[in-house]
1. Report, by residue number, each residue of the stretch 208-231 that is in a helix (DSSP H, G or I) and in contact (Cβ under 8 Å) with a residue 60 or more places away in the chain.
2. Filter the stretch 326-366 down to residues that are in contact with a Leu (Cβ under 7 Å, 6 or more places away or on another chain) and over 22 Å from Gly23 (Cα atoms) and give me whichever is surrounded by the most Cβ atoms within 10 Å (Cβ to Cβ).
3. State which residue is farthest from the chain's Cα centre (by Cα) when the search covers only the stretch 378-413 and only residues that are part of a helix (DSSP H, G or I) and of a type in the set (Val, Ile, Thr).
4. Go through the stretch 232-263 and count every residue that is closer than 24 Å to Asp215 by Cβ, crowded, with 16+ Cβ neighbours inside 10 Å and among the hydroxyl-bearing types (Ser, Thr, Tyr).
5. Under 7 Å between Cβ atoms, which residue pairs at least 6 apart in sequence (or on different chains) link something in the stretch 266-291 that is part of a strand (DSSP E or B) with a partner that is of a type in the set (Phe, Trp, Tyr) and within 16 Å of the ligand (Cβ to nearest atom)?
6. (1) within 16 Å of the ligand (Cβ to nearest atom); (2) buried (at least 21 other Cβ atoms within 10 Å of the Cβ); (3) aromatic (Phe, Trp, Tyr): which one isn't true of Trp266, the others all being true?
7. Of all residues being within 16 Å of the ligand (Cβ to nearest atom) and open to solvent by 10 Å² or more (accessible area, probe 1.4 Å) in the stretch 295-315, which is nearest to Tyr233 (Cα to Cα)? Just the residue, please.
8. Here is a check on your reading of the model: is Asp96 surrounded by 15 or more Cβ atoms within 10 Å (Cβ to Cβ) and of a type in the set (Asp, Glu)?
Amino acid sequence: MEATASPQRVSMDEITALAKRRGFIFQSSEIYGGINGFWDYGPLGAVLKANVKRAWWRDTVELRDDVVAFDSAIVMHPLVWKASGHVDAFHDVMVDCKVCKHRFRYDQLADTAQCPDCGSKASFTDPRNFNLMMRTSVGPMEDTSSVAYLRPETAQGIFVNFKNIYQSARKRPPFGVAQIGKSFRNEITPGNFTYRLREFEQAELEYFVPDDGKDLDAFTEWVERRKAWYASYGIASERLRFYELGEAERPHYAKAGVDVEYLFPWGWGERESIAHRGTYDLDAHMKLSGKDLRFFDEAAKTHYTPLLIESSAGVDRTLLTFMIDAYERERSVDPNGKETERTVLRFHPQIAPVQVAVFSLARNKPELVERAVAIEGALRRSHRTQYDEGNIGQLYRRQDEIGTPLCVTVDYETLGDGSVTVRARDSMQQDRVAGDALQSYLEKRL
Ligand code: ATP
């Protein structure tokens with residue numbers, strides 16, 4: 001696929017190294033050699049992830065009067081996955097190399113005659129289906145009746161509860177149900193850091209509309225809303241595209257589909273899909289359960305099955321997108337004419353794990369430390385803050401690398417007149433700000 005911007009702006013090695021060094025993301029179970037497809041979010045990563053989820057939740061649920069919240073169980077009745085088609089059709093085709101024993105997704109092999117890892121010719125097993133659902137067993141007995149699955153998507157929890165939700169929330173289509181939660185897929189080839197995981201989080205919106213001829217408008221409105229969301233967090237437009245799926249690329253029941261793709265360092269990759277799924281999901285559950293999940297229109301005294309617009313985004317892929325997009329290696333010349341280089345994450349202030357860092361210029365001056373700690377304590381009530389002390393250049397470098405928009409430094413002048421230096425991450429410009437003006441100064445910039 002063509003690239004409209006250089007995918008090599010930053011390498012995955014650089015992102016992975018920064019993520020580990022600064023405490024964003026660690027390999028899961030690292031001391032035991034790790035486990036493929038699983039990652040842990042460190043002290044800054046956990047906050048970043050919460051911020052990403054909050055940004056989605058705010059726009060998708062809280063700012064709308066027609067979307068309600070939901071949180072379903074990860075393990076559901078196995079028939080849920082029979083009805084949804086996951087038991088019979090949620091699989092990838094895989095092959096093994098008989099020489100090096102490595103396993104591949106058949107559709108991802110550039111050359112089906114030669115192993116890409118060991119170079120052996122005609123060494124592959126016959127292609128076979130591999131179901132991606134993770135199995136577990138529920139209850140004290142382990143037999144076929146105890147088989148259950150960890151959900152491979154959060155959406156089905158909403159579909160099977162459709163009637164409970166609309167009746168208890170007193171909603172009528174058009175209305176939506178949103179959920180953020182863990183999903184599990186036994187991916188054959190996890191990789192590209194946190195792009196393809198075996199345990200990940202999804203943020204899904206299921207928007208139910210009447211079949212009144214305006215369903216495609218609702219689809220377009222959600223696509224536009226998602227576009228505006230990415231733009232509001234400053235994701236570079238040349239690295240984001242909304243790819244419209246042609247009829248042959250969509251499932252037979254889908255009336256429209258858009259994949260939201262980002263230009264990752266290895267090329268374009270999906271990070272969200274928006275689809276018009278018709279009545280497919282509710283129909284499937286009505287058929288297998290025998291229960292009526294149709295909406296009852298009181299006024300017209302009729303039952304009907306609403307159409308569904310779905311927006312399904314990966315939280316981990318969103319976080320990775322935000323990190324890669326914010327990343328920059330920047331060269332500049334300091335006042336002494338010396339060339340310097342810094343790494344900076346230009347996070348949007350609402351996404352940045354730390355919004356304001358407060359420093360004491362010296363570590364061994366109790367009156368400075370005390371003052372800086374007091375300022376940080378006061379700012380903590382309204383912002384995500386962090387206190388640090390030491391060499392100011394090193395402190396700036398560290399905060400640039402974790403994407404902190406503003407740094408406040410307490411120095412000897414502060415002890416006299418209360419003023420502090422505020423330094424901006426992006427411009428590196430420094431302002432002297434009076435103590436009683438600090439709060440409003442920060443609010444204006446964050
Ligand atoms: P892919 O083609 O990359 O496997 P998909 O089309 O199967 O993805 P969907 O079933 O549409 O993905 O899931 C919706 C979203 O969930 C994706 O856009 C992605 O952001 C996220 N997602 C799906 N699978 C994974 C995974 N293995 N790791 C991380 N995120 C995932």
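1. Across the stretch 208-231, the qualifying residues are Asp215, Leu216, Ala218, Phe219, Trp222, Arg225, Arg226, Trp229.
2. Top of the filtered list is Ser360.
3. At the first step, the residues of the stretch 378-413 found to be part of a helix (DSSP H, G or I) are 378-379, 392-402, 412-413.
Of the ones still in play, those that are also of a type in the set (Val, Ile, Thr) are 392, 402.
Details: Ile392: 33, Ile402: 18 Å.
So, considering only residues that are part of a helix (DSSP H, G or I) and of a type in the set (Val, Ile, Thr), the one farthest from the chain's Cα centre (by Cα) is Ile392.
4. The total comes to 0.
5. Gly269/Tyr195; Gly269/Tyr262; Arg271/Tyr262; Ile274/Trp222; His276/Phe219; Arg277/Tyr253; Gly278/Tyr253
6. (2)
7. Ranking the candidates gives Gly314 first.
8. So Asp96 passes the test.
The values are calculated or read from the model by the stated rules, or taken from the named source; none is laboratory data. Everything quoted here is computed from the prediction, not taken from an experiment. Glycine also receives a Cβ, built like all others from the backbone with ideal geometry; neighbour counts cover every protein chain displayed. Please note that ligands, DNA and RNA were not included when accessible areas were found on the heavy atoms of the full protein model with its side chains. Shrake-Rupley method; radii C 1.70, N 1.55, O 1.52, S 1.80 Å.
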